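Computed from the coordinates by the stated procedures, all read-outs in this text should not be read as laboratory data. Here the structure is a predicted model, which is why all the values come from computation and not from measurement. Virtual Cβ from ideal backbone geometry, glycine too; neighbours counted across all protein chains shown.
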Amino acid sequence: LTPDESAHWDGEALRYGPGAPRSEAPRDDELEDLFRTYYRATYNPARANMRLFRHHVPQDFQRDMPELTVLSEMATAKRKVATKEAAVVPASRSLSTLREAAVTCRACPLGELATQTVFGEGARKARLVMVGEQPGDQEDKQGHPFVGPAGQMLDRALEEAGIAREDVYITNAVKHFNYRPVGKKRLHQKPEWSHVEACRPWLRAELEAIEPEVILCLGATASQSFLGRRFTVLKNRGRVFETPWAKAFLVSYHPSAILRAPDDEAREQTYRALVDDLKVASNILAGHTPQLVAPD
Ligand code: URA
């Protein structure tokens, strides 16, 4: 309403009418209440971020924004929901129960950043479990582990080693994609140690559900989630460890190390090493008894 003209939107059409004196205008706080109600109904609390809001909206405007009170209310509500939801790993060792519960995990900030939780997939009673780092861009969008370029490389190596992907269970040390937005691109970021720790209860629960005979870690992040931050793949590849999580535990290169290799020779060498390690895992399953060593 203005003193000269008014505009009315009925949800379908916009009509213009005569002006109205101030005395006929609804009181400010009535309008503001209406706006707050609208805001509460449409605002997604998962996106409430007071810090960003204050950063982006000039202070002069903030004074005149009735939704500001609602926003901070919602940010508090969001924190409460997040705390309640944080990493409640069910006691159940049913993979479907675990998978469902992991959907809302907010044990680390990646739950808010990623599109969705990418839980492990594969045979419910797989004898071999493979553990990667974290979902990549494609995995994050599709909701399945190892379906992007690294997954295709892994599929090739599995085939060459004579292992059927459907017989294996494949998961990640961290179940949400960590990335840095650069323009329209999302650049992969290695998960932080706190993310690895926050996600470990899910990984352990998966293993308790499956009880595999062999665990093969792909790359440093997965290996370190089990054996500590100082563990290196380079020094430990080729050894078969005795661990509480499976009769045999081994580590290999991550398939993305093949994709990132600086030249053809390095690419071929890394790929061969991965295939060899997969064959070692497969031979153990076929009855070959490995020489087990204790982790350092
Ligand atoms: N890299 C991983 O470690 N895991 C995936 O699921 C995909 C790429």
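Rg and Dmax over the alpha-carbon atoms of region 77-208 stand at 14.9, 52 Å. Near LYS247, which aspartates and glutamates are there with a Cα under 12 Å away, not counting those fewer than 8 places off in the same chain? Filter leaves GLU211, GLU213. For the listed residue pairs LYS125/LYS279; LYS184/LYS235; LYS190/LYS235; LYS141/LYS235, the alpha carbons are over 30 angstrom apart in LYS184/LYS235; LYS141/LYS235. The P(r) of region 169-296 has a tail past 22 Å containing 41 percent of all C-alpha pairs.
The Cβ shell under 14 Å around ARG272 holds other residues with a net charge of -2, Lys and Arg each +1, Asp and Glu each -1.
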